[in-house]
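Undergrad: Input: one structure, supplied below.
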Amino acid sequence: MDTVMKDRGGPAQPLLLARDLRKHFPIPGGLLGRATRVVRAVDDLSLSVEKGETLGVVGESGCGKSTVARLLMRLLKPDRGTMVLDGDPVDEPHGITVNELRRQVQMVFQDSYASLNPRLTIVETLAFAPKAHGLPAAEARARSRDLLAKVGLDPNSFADRYPHELSGGQRQRVNIARALALRPRLVILDEAVSALDKSVEAQVLNMLVDLKNEFGLTYVFISHDLNVVQYLSDRVMVMYLGKIVEIGSVDAIYGDPQHPYTQALLSARPSMDPRKRTREAPIQGDPPNPIDPPSGCRFRTRCPFAEDVCAKAEPLLNASGAQEVACHMRIRGSGHTKAP
Amino acid sequence: MSDLLSVQDLHVTFVTPDRTVHAVNGVSFSVKRGETLGILGESGSGKSVTLRSILKLHPEHRTRWSGSIKLEGDEVLSMTGGALADLRGNRVSMIFQEPATAFDPVFTIGHQIAETIKRHTGKSESDAWKRAKELLELARIPSPAQRLKAYPHEMSGGMRQRAMIALALSCNPSLLLADEPTTALDATVQIQVLLLIRELQRELDLGVIFVTHDIGVAVEVSDRIGVMYAGKLVELGGVEQMVDAPRHPYTRGLLASTVHGGMRGQRLEAIPGAPPDLAEVPAACSFAPRCKYAEAQCLAAPPPLTAATEGHLVRCVGRIDRAISGHLAGNARTHIVDRTGHIPPG
């Protein structure tokens, strides 16, 4: 347990591959409590996370971004789909177990207080997982104190405190230290800085960059804040109602967004220039309910360019420009009048 | 034009048997009709406490107010009973961050709006419902007649916030208080609600005080922006002055630590440390312990709020000596370039 997990497949092999992940949540309410409807949180989604990159995930509430995070860590069991961690299939014969996956993939949540045990001191919290995985207690405590120093908290004054004695920013540093306690290779940050004040958020973002370089980490960074995602990510994945609508390098997504939803998301950002205020909202309405998503393209009910074909056929991800886009306007011969 | 609202040297202290919190420590500002004042601050800065004091919403027995809040010449802090009830809703109304909890879940939207109208204006049942429908139209809610019959849980977050705005405007207030009304909304919905507030403010010639922690949101809606720190306004000025030439080190720090386009790969200029505990009345500049320009005189006494230029007030003793730092102006410029690079919608 004590050794850092070795890179096995070389730098070109993706660290994590997920194929056709699906998660539907049944809603009880029918006769005898039987489920009549389902929330289609994540629908047949495939992605890869390259070694050493930061993959940003953006989207509005109900788009399934947190469900994706929980599936990647197997906090939720997918209804279908496969995952491969650096060449090893997860939870399959000849592959690795879910426990082994979780040693290499760790997660930080938004609510820094709810994710810490209020009855454990900070050092006990940090030493918990290493001890559970077989590290002697004294060693686990020593490592915990090292980690505290790494996240900018003086071990002498913080090690024996309880979570309620810390500020939100300090607690989130503890959560990040805990995620690193098992020396993972991939850290999933699910809205990890969203609850922090701006001045504290900047401190934590700087720290995340430092830790990534020092430990050679790979991040999946989930956030609703497009500016923070742009700052931190190498590649960006845009989700809408359980589907990827666009994925590509950060420069491609922010510099040349191709999907109408990505374009709307980016121009919905408040302007920082009082002379260039937003005059018109890019799209109207709220994201629809993921219980009964629209047929065909799920964005079509809010899309200014929607045509008949958008209701009939689901657009698949297709290379367009430097990125991949799921839009009939970008698919040759799709039947959309704006298609190439 | 005379001021709609004038707040002078407001202090708010919360007293409980265990502890005392000096939440607001001498805040003065004014708002005119047809003007939006944005109040920007981080958690614990006293921005919401200041806003709620205008309606005297804090529990009477645990709150000590001093100073003056005058609405069209009437002192709010001395109001009780009927005058206070008349103030709330009829003259000043408020919208909150969580429209889901601001509505009663067991009554329809129409019922709640009509009830408010009847209570404050004495209109008949049918007139009140007619007015409720007009208000939903005013808030740009599609098919308003059906929406009147909807329960709060049947509406999406953005629609509920629109209904909340309709409710707030039901008795023609002259001042609208907005406490982070778009923070819980999705990005594409937030901008719709911001634009709605801006349009209604113009149409109805409202005074608006808009409290937020998000600089971008404050810039979108405000004519003037005040920045609060540790219960005081540290800077107050026109929106362009505040964005182009922020004077207070805290305002500059906030702008520099706010991530925006064009900052990739750069190290963020985080403000070190954390805001002070407000158990004591600050005896010096509250920001001095985190300020890289702090000098001996910053720790000697609280700095006064003085005019840096016309209409631009700053609470900092070092402000005149320091030229506006180049990196900040530089950042603001990169962002403008980034914004114009957007693909226009539609």
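Undergrad: Run B:Ser43 past the list (1) small (Gly, Ala, Ser); (2) under 29 Å from B:Thr258 (Cα atoms); (3) in a strand (DSSP E or B) and report the number of the one that doesn't hold.
TA: B:Ser43 satisfies every listed condition except (3).
Undergrad: May I pose another question? Of everything in region A:212-244, what is among the hydrophobic types (A, V, I, L, M, F, W, C), within 13 Å of chain B (Cβ to nearest Cβ) and in a strand (DSSP E or B)? Give them in sequence order.
TA: Correct list: A:Phe221, A:Val236, A:Val238, A:Met239.
Undergrad: Within region A:182-220, can you find the residues that are of a type in the set (Phe, Trp, Tyr) and buried (at least 24 other Cβ atoms within 10 Å of the Cβ)?
TA: Matches in region A:182-220: A:Tyr219 only.
Undergrad: While we're here: Has region B:95-102 got at least one residue that is touching a strand residue (DSSP E or B) at 6+ places or on another chain (Cβ under 6 Å), part of a strand (DSSP E or B) and within 30 Å of A:Glu60 (Cα to Cα)?
TA: Within region B:95-102, one or more residues are touching a strand residue (DSSP E or B) at 6+ places or on another chain (Cβ under 6 Å), part of a strand (DSSP E or B) and within 30 Å of A:Glu60 (Cα to Cα).
Undergrad: Can you tell me how many residues in region B:254-278 are of a type outside the set (Asp, Glu) and over 24 Å from B:His22 (Cα atoms)?
TA: Qualifying residue count for the region: 15.
Undergrad: Next question. If only one of A:Pro260, A:Pro290 is within 13 Å of chain B (Cβ to nearest Cβ), touching a residue at least 40 places away in the same chain (Cβ under 8 Å) and over 29 Å from B:Gly216 (Cα atoms), which one is it?
TA: Of the residues listed, the single one that is within 13 Å of chain B (Cβ to nearest Cβ), touching a residue at least 40 places away in the same chain (Cβ under 8 Å) and over 29 Å from B:Gly216 (Cα atoms) is A:Pro290.
Undergrad: With a cut-off of at least 3 residues that are within 14 Å of chain A (Cβ to nearest Cβ), at pLDDT 90 or above and surrounded by 19 or more Cβ atoms within 10 Å (Cβ to Cβ), name the strands (runs of 3 or more DSSP E) lying wholly within region B:214-328.
TA: Counting at least 3 such residues, we get B:224-229.
Undergrad: When you check A:Arg235 against the structure, is it more than 25 Å from B:Pro142 (Cβ to Cβ) and among the basic types (Lys, Arg), yes or no?
TA: Yes.
Undergrad: Among the residues of region A:268-282, write down those that are touching a Lys or Arg at 6+ places or on another chain (Cβ under 9 Å) and of a type in the set (Gly, Ala, Ser).
TA: A:Ser271
The values are calculated or read from the model by the stated rules, or taken from the named source; none is laboratory data. Predicted model, so just to flag it, every value in this text is computed and none were measured. No Cβ is skipped: glycine too gets one built from the backbone with ideal geometry, and neighbour counts run over all protein chains shown.
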